[in-house]
1. Please determine whether any residue of the stretch 183-194 is part of a loop (DSSP other than H, G, I, E, B), more than 16 Å from the ligand (Cβ to nearest atom) and surrounded by fewer than 17 Cβ atoms within 10 Å (Cβ to Cβ).
2. Can you confirm whether ILE135 is within 16 Å of the ligand (Cβ to nearest atom) and assigned to a loop (DSSP other than H, G, I, E, B)?
3. Quick check on my filter: what residues within the stretch 100-115 are touching a helix residue (DSSP H, G or I) at 6+ places or on another chain (Cβ under 9 Å) and under 20 Å from VAL223 (Cβ atoms)?
4. For the stretch 153-180, how many residues are of a type in the set (Gly, Ala, Ser), surrounded by fewer than 15 Cβ atoms within 10 Å (Cβ to Cβ) and away from the ligand (no atom under 11 Å from the Cβ)?
5. For a quick check of your reading: which helices (runs of 4 or more DSSP H) sit entirely within the stretch 60-118 and have at least 1 residues that are of a type outside the set (Asp, Glu) and away from the ligand (no atom under 16 Å from the Cβ)?
Amino acid sequence: MRRKILAIAISVMLLAALVACGSPGAQTDTQTSTQNSGTADTGQAVADFQTDVHNPAAEVTDASEALQYLKDGNRRYVEDKGINRDTNAADRDVLKDGQKPFAIVLTCSDSRDSPEIYFDQKLGDIFVIRNAGNIADITALGSMEYAAEHLHAPLVVVVGHSSCGAVTAAVQGGTFPEALESIVNTIKASIGNETDVDTAIHTNVDSVVSKIKNDEIAKSQKVTVIGAYYNIVTGEVTWND
Ligand SMILES: [Zn+2]
């Protein structure tokens with residue numbers, strides 16, 4: 001008899017606890033509602049910026065249109081309003097038979113300097129060439145020529161960035177292994193005796209822009225070449241156009 005009373009008491013307590021906490025089903029509904037609300041917000045953000053987003057299947061022939069995509073993308077990045085990334089599978093499907101990048105971006109290998117991220121672009125949007133110090137060496141120029149001649153990208157952007165270690169090494173000097181020394185010497189040739197690192201970063205970009213403008217393929221394909229500077233603290237890209 002005592003056991004029966006205990007069992008009834010436990011049942012009552014469990015029932016009371018369930019009522020106080022709400023049923024598991026109700027909790028799931030609340031979570032789903034929150035998730036739906038988040039999805040709706042993302043959808044609104046996509047709608048707001050839809051006209052700024054490049055269609056990976058479309059060829060862009062106008063350099064100013066290409067530049068605007070990059071400017072709009074950097075604005076989204078700085079404002080934390082990146083486009084919806086849920087289209088990766090669809091993008092891969094569109095791109096499986098070919099690519100039509102609207103811009104060629106030459107920038108530094110620095111891990112804080114990732115153009116697909118700070119330009120808020122997707123697969124197939126930009127053709128990226130990276131090396132320490134964003135120099136226009138023979139492989140960088142060859143890669144640029146390929147994208148200009150065969151993929152018809154109308155715009156080349158050379159992006160230097162704040163706190164660039166390669167340019168700092170060229171300003172400060174020192175002893176380097178052979179391959180790295182080749183990069184440092186290339187930058188040195190661009191910046192001369194400049195002692196201010198940030199000025200040297202801009203001068204190096206200007207020099208690389210000039211070199212690409214004089215490239216035979218860049219001239220024959222009539223690509224527009226523009227220098228830019230990425231601030232690793234603010235996320236903002238400033239332009240020399
Ligand atoms: Zn760098």
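1. yes
2. It is true that ILE135 is within 16 Å of the ligand (Cβ to nearest atom) and assigned to a loop (DSSP other than H, G, I, E, B).
3. PRO101, PHE102, ALA103, ILE104, VAL105, LEU106, THR107, PRO115
4. Matching residues across the stretch 153-180 total 3.
5. The qualifying helices (runs of 4 or more DSSP H) are 63-78, 88-95.
Just so you know, all these numbers are worked out from the coordinates, no wet-lab data involved. Just so you know, these numbers come straight off a predicted model, no measurement behind them. All Cβ positions, glycine included, derive from the backbone under ideal geometry; neighbour counts span all protein chains shown.
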